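**Student:** Before I ask anything, here is the structure I am working with.
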Amino acid sequence: MYRQSLFFIPLLFLLGVSSCYDDANTFGSGLVESSFRNVVIDTCTVNITSVLIDSLETSGKEVALVGQYTHPFWGTVSSSSFIAYKHPSYETDIAESVVLDSLMLSLSYNGHFIGDTALVQRFSIHKLTEKIVLNDNDYLYNNSSVQYDTDPLAVVSFKPKPGSGDRLEVRLSDAIGQDLLTRLHNRDDLVSDDRFEDYFKGIVIIPEKTESQSLLSFNVSDSSALLNLHYHVIGEVGTERTLSIQPNTDTQFNHIDHDRTGTLLEGYPSKQVEISSSLLDDKGFLFCGLGWYTRLEFPFLNNIMQHGEQVHIDQALLKIYPDPSTYSDFNPLPDSIYLYIADENNVVTDAVKDYLGSEVQSGVLVRNDADKGNTYYYFDVSDFMQEELGTIGMYKHNLQFVFSSDDYTGTFRNLTFSDQNGRSPIVLQLTYKIYESY
């Protein structure tokens with residue numbers, strides 16, 4: 001883990017001063033002498049490090065993430081969703097004769113997606129051969145998996161409609177449907193309340209990699225991701241019936257793969273890695289589902305203290321410019337991004353809050369559709385910078401640039417931006433007073 005050194009050789013110290021102080025400032029030379037001087041600079045050094053979370057909890061989030069998307073910089077992301085089902089309440093009298101009509105998987109979009117939804121998407125649905133069991137800590141993760149039958153119950157091709165309110169209906173194997181209906185109707189002990197999930201372990205929805213160009217999200221609830229068993233009673237009119245088998249929302253989870261071949265990330269470990277922006281073509285990034293966030297450090301902030309007997313930061317604005325080539329209608333900019341304060345061990349101690357100190361800042365997105373290079377997020381980090389001024393060693397803090405926890409586990413939102421050597425560099429703008437005497 002990165003540790004900031006407390007000692008600087010003289011040359012590095014001089015470079016640090018110039019990086020956090022604008023030589024063009026004259027401090028009002030030629031005017032009436034004052035006890036303090038106002039300074040505005042926007043050249044303070046910001047070190048950017050992209051950090052990969054070891055693993056993300058994806059069970060119990062009530063969302064199925066399925067599909068595939070290739071990012072311009074960071075490679076191909078694909079996701080499959082594993083869903084177990086609860087014992088249903090079957091009430092048709094055993095003396096009746098019943099006939100299967102169909103077994104349907106019914107999925108409702110929840111609106112989140114990335115990728116080109118105008119293209120045909122192709123999923124295969126497989127029966128699990130291993131029961132889903134939570135780990136000892138009651139979670140499953142984005143790298144968890146269970147075994148399944150390689151022969152699909154169904155394959156479906158469709159054009160996604162994530163904002164339409166429509167459902168994706170997929171007819172599954174009649175053989176599975178018939179077996180379920182027969183056992184439920186006969187009150188077979190194998191499908192009793194306490195044995196149902198051992199008999200029918202669930203399904204996994206897998207994207208066909210050659211025909212999947214978007215990552216989609218579906219609700220998993222008492223009314224979505226249902227298995228609807230349609231059947232009718234022989235010899236009666238109007239006896240079509242539907243048995244809805246509900247998903248087990250506690251154990252449902254998403255497995256996510258990331259192919260980094262040919263990208264700047266190729267060759268780095270898939271866990272416990274921290275990468276400086278200087279090794280990523282002067283870029284930092286965040287990526288939900290995969291678990292990437294960014295650490296921001298300000299190594300030369302204390303150098304402004306060399307210009308007077310006392311220095312006070314009145315305002316500090318942090319501006320972060322998304323890379324124009326990485327967002328579009330297929331991969332829209334996130335609405336909300338957050339800054340958290342962390343200590344030298346990357347343990348979060350607080351959040352960057354609003355001016356009232358009551359709510360976590362979500363960042364303000366300033367759009368410029370005519371010039372995407374002038375689109376940016378900004379945060380007011382005045383209190384953080386003033387409190388950080390003068391700290392050294394174990395008392396110094398960094399900022400973690402992140403999405404919300406719900407976004408990380410339930411979406412594939414992402415953001416790519418540049419460090420201070422990039423085309424649209426990150427900016428820390430400081431306004432501070434230099435006091436010549438107390």
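**Student:** How many residues does the range 363-375 contain that are open to solvent by 40 Å² or more (accessible area, probe 1.4 Å) and either over 22 Å from residue 313 (Cα atoms) or at pLDDT below 90 (or both)?
**Tutor:** Looking only at the range 363-375, we keep the residues that are open to solvent by 40 Å² or more (accessible area, probe 1.4 Å), and these are 364-372, 374.
Now narrow it down to the ones that are either over 22 Å from residue 313 (Cα atoms) or at pLDDT below 90 (or both): 365-372, 374.
Count: 9.
Condition check ((1) open to solvent by 60 Å² or more (accessible area, probe 1.4 Å); (2) modelled with pLDDT under 95; (3) within 23 Å of residue 119 (Cα to Cα)) across all residues:
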{"position": "180", "(1), (2), (3)": "no, no, no"}
{"position": "202", "(1), (2), (3)": "no, no, no"}
{"position": "211", "(1), (2), (3)": "yes, yes, yes"}
{"position": "240", "(1), (2), (3)": "yes, yes, no"}
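**Student:** Do the conditions hold for residue 157, that is, is it more than 20 Å from residue 249 (Cβ to Cβ) and either in contact with a strand residue (DSSP E or B) (Cβ under 6 Å, 6 or more places away or on another chain) or crowded, with 19+ Cβ neighbours inside 10 Å (or both)?
**Tutor:** Details: more than 20 Å from residue 249 (Cβ to Cβ): yes; either in contact with a strand residue (DSSP E or B) (Cβ under 6 Å, 6 or more places away or on another chain) or crowded, with 19+ Cβ neighbours inside 10 Å (or both): yes.
In short, yes.
**Student:** Listed residues 286, 279; which is buried (at least 19 other Cβ atoms within 10 Å of the Cβ), under 30 Å from residue 69 (Cα atoms) and at pLDDT 95 or above? Lay out the reasoning, then the answer.
**Tutor:** Values: 279 fails: buried (at least 19 other Cβ atoms within 10 Å of the Cβ).
Being buried (at least 19 other Cβ atoms within 10 Å of the Cβ), under 30 Å from residue 69 (Cα atoms) and at pLDDT 95 or above holds for just one of 286, 279, which is 286.
**Student:** Looking at (1) surrounded by fewer than 17 Cβ atoms within 10 Å (Cβ to Cβ); (2) in contact with a Gly (Cβ under 9 Å, 6 or more places away or on another chain); (3) not hydroxyl-bearing (Ser, Thr, Tyr), which one does residue 339 not meet, given that it meets all the others?
**Tutor:** (1)
**Student:** Any residue at all in the range 259-273 that is surrounded by 21 or more Cβ atoms within 10 Å (Cβ to Cβ), in contact (Cβ under 8 Å) with a residue 40 or more places away in the chain, closer than 17 Å to residue 73 by Cα and basic (Lys, Arg)?
**Tutor:** Narrowing the range 259-273 to residues surrounded by 21 or more Cβ atoms within 10 Å (Cβ to Cβ): 265.
With in contact (Cβ under 8 Å) with a residue 40 or more places away in the chain added as a condition, the list becomes 265.
Applying the additional criterion that residues be closer than 17 Å to residue 73 by Cα yields 265.
Keeping just the survivors that are basic (Lys, Arg) gives none.
No, the range 259-273 has no match at all.
**Student:** Could you tell me whether any residue of the range 90-101 is within 32 Å of the chain's Cα centre (by Cα) and among the polar types (S, T, N, Q)? Give the derivation first.
**Tutor:** Let us first name the residues in the range 90-101 that are within 32 Å of the chain's Cα centre (by Cα), namely none.
No - not one qualifying residue is present in the range 90-101.
**Student:** Further question on the same structure: Would you check which residues across the range 242-258 are open to solvent by less than 70 Å² (accessible area, probe 1.4 Å) and polar (S, T, N, Q) and list them?
**Tutor:** Listed by number, the residues that qualify are 244, 246, 248, 249, 251, 252, 254.
**Student:** Only residues that are open to solvent by less than 30 Å² (accessible area, probe 1.4 Å), outside any strand (DSSP E or B) and either of a type outside the set (Lys, Arg) or within 17 Å of residue 362 (Cα to Cα) (or both): list them for the range 386-404, please. Explain how you work it out, then say what you get.
**Tutor:** Within the range 386-404, the subset open to solvent by less than 30 Å² (accessible area, probe 1.4 Å) is 388-389, 391, 393, 396, 398-403.
Checking the rest, the ones that are also outside any strand (DSSP E or B) come to 388-389, 391, 393, 396, 403.
Those that are open to solvent by less than 30 Å² (accessible area, probe 1.4 Å), outside any strand (DSSP E or B) and either of a type outside the set (Lys, Arg) or within 17 Å of residue 362 (Cα to Cα) (or both): 388, 389, 391, 393, 403.
**Student:** Can we say residue 231 is within 24 Å of residue 172 (Cα to Cα), among the hydroxyl-bearing types (Ser, Thr, Tyr), surrounded by 14 or more Cβ atoms within 10 Å (Cβ to Cβ) and out of contact with any Phe, Trp or Tyr (no Cβ under 8 Å at 6 or more places or on another chain)? First the steps, then the outcome.
**Tutor:** Values: within 24 Å of residue 172 (Cα to Cα): yes; among the hydroxyl-bearing types (Ser, Thr, Tyr): yes; surrounded by 14 or more Cβ atoms within 10 Å (Cβ to Cβ): yes; out of contact with any Phe, Trp or Tyr (no Cβ under 8 Å at 6 or more places or on another chain): yes.
Yes.
**Student:** Next question, about the same structure. How many residues are without any contact (Cβ under 8 Å) to a residue 40 or more places away in the chain, within 17 Å of residue 89 (Cα to Cα) and not basic (Lys, Arg) if we restrict to the range 195-249?
**Tutor:** Going through the range 195-249 one residue at a time, the tally reaches 3.
**Student:** Take the conditions modelled with pLDDT under 95 and out of contact with any Phe, Trp or Tyr (no Cβ under 6 Å at 6 or more places or on another chain) and apply them to residue 142. Does it pass? Reasoning before the result, please.
**Tutor:** On the way: modelled with pLDDT under 95: no; out of contact with any Phe, Trp or Tyr (no Cβ under 6 Å at 6 or more places or on another chain): yes.
No, not satisfied.
**Student:** Sort out which residues of the range 405-421 are open to solvent by less than 20 Å² (accessible area, probe 1.4 Å) and either part of a strand (DSSP E or B) or not aromatic (Phe, Trp, Tyr) (or both), and write them in order of number.
**Tutor:** Narrowing the range 405-421 to residues open to solvent by less than 20 Å² (accessible area, probe 1.4 Å): 408-412, 414-419.
Result: 409, 410, 411, 414, 415, 416, 417, 418, 419.
**Student:** Run down 378, 435, 355 and say which single residue is open to solvent by 50 Å² or more (accessible area, probe 1.4 Å), within 30 Å of residue 307 (Cβ to Cβ), of a type in the set (Ser, Thr, Tyr) and under 24 Å from the mean Cα position of the chain (by Cα). Give the steps one after another, and end with the answer.
**Tutor:** Working: 435 fails: under 24 Å from the mean Cα position of the chain (by Cα); 355 fails: under 24 Å from the mean Cα position of the chain (by Cα).
Going through 378, 435, 355 in turn, just one is open to solvent by 50 Å² or more (accessible area, probe 1.4 Å), within 30 Å of residue 307 (Cβ to Cβ), of a type in the set (Ser, Thr, Tyr) and under 24 Å from the mean Cα position of the chain (by Cα): 378.
**Student:** Would you confirm whether or not the range 318-333 contains a residue that is closer than 17 Å to residue 46 by Cα, among the hydrophobic types (A, V, I, L, M, F, W, C) and open to solvent by less than 40 Å² (accessible area, probe 1.4 Å)?
**Tutor:** Yes, that holds for at least one residue.
**Student:** Kindly indicate the residue of the range 35-49 that is farther than 30 Å from residue 261 by Cβ and touching a helix residue (DSSP H, G or I) at 6+ places or on another chain (Cβ under 9 Å) and also surrounded by the most Cβ atoms within 10 Å (Cβ to Cβ) among those meeting that condition.
**Tutor:** Start the filter on the range 35-49 by keeping residues that are farther than 30 Å from residue 261 by Cβ, which leaves 35-46.
Right, trim to touching a helix residue (DSSP H, G or I) at 6+ places or on another chain (Cβ under 9 Å) and you get 37, 39, 41, 43-45.
Details: 37: 19, 39: 20, 41: 18, 43: 17, 44: 24, 45: 18.
Among residues in the range 35-49 that are farther than 30 Å from residue 261 by Cβ and touching a helix residue (DSSP H, G or I) at 6+ places or on another chain (Cβ under 9 Å), the one surrounded by the most Cβ atoms within 10 Å (Cβ to Cβ) is 44.
The values are calculated or read from the model by the stated rules, or taken from the named source; none is laboratory data. Given the structure is predicted, the values throughout are model-derived calculations rather than measurements. Don't worry about glycine lacking a Cβ; one is built from the backbone with ideal geometry, like all the others, and counts go over all protein chains shown. Note: accessible area is taken over every heavy atom of the protein model, side chains too, but ligands, DNA and RNA are not part of it. Shrake-Rupley method; radii C 1.70, N 1.55, O 1.52, S 1.80 Å.
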